[in-house]
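A short worksheet on the structure shown next.
The values are calculated or read from the model by the stated rules, or taken from the named source; none is laboratory data. What you see is a predicted model; the values in this text were computed from it and never measured. Cβ atoms come from the backbone with ideal geometry, glycine included; neighbour counts cover every protein chain shown.
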Amino acid sequence: MSAEAAPVVVDAAAPEGMYYRVAGNDGVEFKVSELAIQQSETLNRLITTMCYTAEDVEKKDAIPIENIDGETLKLVFEWCEHHKGEAIPEDDDSVPKNVVIPEFDAKLMEIDNEKLFNLICAANYLNIKQLLNVSCKKVANMAKGKSPEELRVIFEIPTDEEDEAAEKAAKEAEEKEAKEAAKKKAAEKDTTDKDAEKDVQGTSSSA
């Protein structure tokens, strides 16, 4: 997005009261309520580091999230607004996670695999523990009882043969590019040599 273009602003769920402006890496901005932001430890740390206050919301630039796009952030903040005020799970690996996916979350995650994995990565980066729990549970449910071949299809995992073919194609493309570069360099050298020869001949004729 150009510097002159106005940002696209999306209200995750029409937050009331104190809110923050957060921008994805594609320039899409979101207004997110203070209570919803608390679901993300990463954003809470950013706000503290930036000394962001209620008076700064419209004065300062939006809080930048460089590696998450607007489409994914929209899902993240819809989840955060719906679950604002809820307790954040404690980090305790000694307690098995018996995760139940609420109806709202299940509907939110009715998306294709690429978007689901983007959501998981975003939840992990923003340290939104419960969103990470339910999204990973969704993937676990998808994989449950499936054969390796079925998992390849579901998660679009390439076979060994496909990996080898892709590697071979990449190598051939690299070799072709190297040959073309060498050919171009040789042609340029030939042109330079001919020009130099003409200069020498011209100098000899003048003499």
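Being at pLDDT below 95 and part of a helix (DSSP H, G or I) is the requirement here; does GLU167 meet it? Taking the combined requirement at face value, the residue satisfies it. The selection criterion, being assigned to a loop (DSSP other than H, G, I, E, B) and of a type in the set (A, V, I, L, M, F, W, C), does not hold for ILE47.
Among the residues of region 42-84, just one is modelled with pLDDT of 95 or more, surrounded by fewer than 18 Cβ atoms within 10 Å (Cβ to Cβ) and touching a Lys or Arg at 6+ places or on another chain (Cβ under 8 Å), namely GLU71.
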